[in-house]
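The block underneath contains the structure these notes are about, expressed in structure tokens.
The values are calculated or read from the model by the stated rules, or taken from the named source; none is laboratory data. Keep in mind the model is a prediction, meaning the values are calculated, not measured. All Cβ positions, even for glycine, are placed from backbone atoms using ideal geometry, and neighbour counts span all protein chains on display. Accessible surface areas use protein heavy atoms only, side chains included; no ligands, DNA or RNA. Shrake-Rupley method; radii C 1.70, N 1.55, O 1.52, S 1.80 Å.
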Amino acid sequence: MTVASLYLRIWRTYFAWARSLLPLAFFVFVPLGLVHAVPVHVEATELSLGSGLQVAGALLAVLLLVGAGLLGEIFYTGAVAIALTHPRDAGGRPPSLLQVARMVNYRALIVVDLIFGLLVVLGLIAFVVPGVLAFVYLGLAAPVVEIEHRGVRDALARSYRLVRGHFWLVLAVLVPIELASDAITSGATAFAHSLLGESLIAEWLTDTASNVVLTPFYAVAAVLLALDLIAEKDGAGPQLHSHPPRP
């Protein structure tokens, strides 16, 4: 495993599976896009207060943006783990989107999503570094939930054990993807403001479109890392489907 080889595999997997990954992202992020857009709208329209409150308001807005941005990302990653690794039938064919929806462990993924987002945000408040540690060490919990059928606590612990000894590799893959996605989303939102004004609808549409296109990169990266580290630790593990499902 090298960072360069992982990025190449992420790129290839994204485009090979785009017909499955993008519709799945659409169904996850259309409703969540509104939740994501609210703090963006607050940041854009409510921070022109007095100078005494402006710094505190800006900090609060940044934390809200981080927390909202992570909401749904981990859940979606778990769903992608099913799509890329679980067979649909005895022939080993990948599941359809409807079958993925039926197979998702909703409770575990939602709880992992909320815990992950909360720990990252609290860690960022505590001088940034704890937030980065939480992001990296717990970033594989969602694929572990669906690949190995683990509960919340077990999945978080398993993610930590998998990443331990490979911290810098996981950081070098997941963190740049997350930062690039956030930067592109922020740029797209600013562009939408210039065209459509600072309306909640414009931010909702922009956030949703950005997440549908960009979040699959993060999800594929987390799934590939989980599969590689499971195989390294256990000597064997699940594999990606050789071919995506036919439309």
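Some observations on this one:
- For the peptides 175-187, 137-149, the ranking by packing is 137-149, 175-187, with the highest mean count of neighbouring Cβ atoms within 10 Å listed first.
- Protein-only accessible surface order, largest first, of TRP17, TRP168 at 1.4 Å: TRP168, TRP17
- Ranked packing of 230-236, 112-118, 209-215, most packed first, by mean Cβ within 10 Å: 209-215, 112-118, 230-236
- Of the trypsin sites (Lys or Arg not before Pro) in region 148-204, those whose Cβ has at most 15 other Cβ within 10 Å and which sit in DSSP loop: ARG164
- Two-site FRET efficiency, THR2 against LYS233, from Cβ-Cβ distance with R₀ of 22 Å, rounded to 0.05: 0.75
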